[in-house]
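The values are calculated or read from the model by the stated rules, or taken from the named source; none is laboratory data. Since the model is a prediction, treat every value here as computed from it, not as a measurement. Quick reminder, even Gly has a Cβ in these numbers, built from the backbone with ideal geometry, and neighbours come from all protein chains shown. These area figures cover heavy atoms from the full protein model, side chains too; ligands, DNA and RNA do not enter into them. Shrake-Rupley method; radii C 1.70, N 1.55, O 1.52, S 1.80 Å.
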Amino acid sequence: MRRWLVALIITAGGAAGAAASGLERVPAIAHPATAKECGECHMAFQPALLPAGSWLRIMDGLADHFGEDASLPADLTASIRAYLAANAGRSGDPKITRITEQSWFAKEHRFRSAVWQRPEIKAKSNCLACHPRAEQGNYDDD
Amino acid sequence: MNRPVLLATALVGVGMAAAAAEPARDAIVAAYSRQAQNENQAFDGFSTARGERLYLGPHTGGNTETPACATCHTFDPRAPGRHVKTGRAIEPMAVSVNPRRFTDAADVEKRFTRDCPNVLGRPCTAEEKGDFITFLINR
């Protein structure tokens, strides 16, 4: 079903091609607190998907996190912050906190708006809806 | 509870989805019960029916896209839920199908702190927390 969905999207959207994002395989999360606390409301995003500056902004604003209160005790926040920053990606705009608003994301995901509105997708940030192995850091679905 | 009963429960409980006594969960409910007594002199125990009403809603006062706990946890607590904003799957809430529910006090309190304001526009009382868990123990 998911494979079919991805196939459909690729044919319908005009292939995203092999424009190298360098992110088709990123290391899985190796920090249990990050996996647990940042994986409750959405998949825990791998640190390589954003530059350090973006992670620091996110971790400094958890009380108003995209409209949610995602705040954590200070010691947990500090340990997650350090892990994400130390393992952050090298590319991307550190002023932008969304992965889905980074320019590489737009280049790899040129789909008609009808695709994003499909109920099983719900949000651009729902990587798992289209990348079944996203939790292992695998976005290479060919 | 005496030893043989405890042992029997442990043997039967392994791998079984029975909403059997679970010390960690019992302790969480007991703590909310003490707190509810402090908050409200007239408190006389938790109620499955009140818990169900809290769960199903609809409520006003919170975010318009989340009028009920069921909005993310689904109307059937035995079924997997789905986060209404992110699409993330959520494990079932009913203890009968998900025996790990309500066994970590810090996690439970953290989620009440986040989820109640989203739905009700205010924190849940200790009575509401106990009602909610009681409803899901009985589902």
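Rounded to the nearest Hz, the phi-derived 3J(HN,Hα) couplings of the stretch B:78-84 under the Karplus curve 6.51 cos²θ - 1.76 cosθ + 1.60 (θ = phi - 60°) are 7, 9, x, x, 8, 5, 5, where x marks glycine and proline. Burial here means at least 40 square angstrom less accessible surface with every protein chain in place than with the chain by itself, probed at 1.4 Å; in the stretch A:97-125 the buried residues are A:LYS122.
Take every residue in peptide B:114-126, count the Cβ atoms of other chains within 10 Å of its Cβ, and give the average of those counts. Could you put the intermediate results ahead of the total?
Values: counts 6, 2, 0, 1, 3, 0, 0, 0, 0, 0, 0, 0, 0.
Neighbouring Cβ atoms belonging to other protein chains average 1 per residue here.
Surface composition of chain A: carbon plus sulfur atoms hold 57% of the accessible area, using a 1.4 angstrom probe and ignoring ligands, DNA and RNA.
For the stretch A:3-136, the solvent-accessible area with a 1.4 angstrom probe is 54 square angstrom per residue.
The H on the amide N of A:ARG25, modeled in the peptide plane, is under 5 Å from the matching H of A:TYR139, each at least 5 residues off or on a different chain.
Using only protein heavy atoms and a 1.4 Å probe, how much accessible area in total is buried between B and A, to the nearest 100 Å²? Provide the component values of the computation, followed by the final result.
Values: alone 8270 and 8490 Å², together 15340 Å².
Between B and A, the summed buried area is about 1400 Å².
Residue-wise HN-Hα couplings along the stretch B:66-74, as the Karplus relation 6.51 cos²θ - 1.76 cosθ + 1.60 with θ = phi - 60° gives them from phi, are 10, x, 8, 4, 5, 4, 9, 8, 6 Hz; Gly and Pro carry x.
Quick one: with all protein chains in place, what share of the accessible area of the stretch B:22-137 is carbon or sulfur, to the nearest percent (1.4 Å probe)? Walk me through the numbers before you get to the answer.
Working: 3130 of 5630 Å².
Taking all protein chains in place, the stretch B:22-137 shows 56 percent carbon and sulfur surface.
On a per residue basis, the stretch B:22-137 carries 49 Å² of accessible surface, using protein heavy atoms and a 1.4 Å probe. Checking the Cα-Cα distances for A:LYS124/B:LYS110; A:LYS124/B:LYS129; A:LYS95/B:LYS110; A:LYS36/A:LYS124 against a 24 Å cut-off, the pairs over it are A:LYS124/B:LYS110; A:LYS124/B:LYS129; A:LYS95/B:LYS110. Shown for the protein assembly as shown: cysteine residues without a partner Cβ closer than 4.7 Å, namely A:CYS38, A:CYS41, A:CYS127, A:CYS130, B:CYS69, B:CYS72.
Close amide H pairs (under 5 Å, H built 1.01 Å from N) link B:GLY81 with B:ILE90, B:GLU91, residues at least 5 positions away or on another chain.
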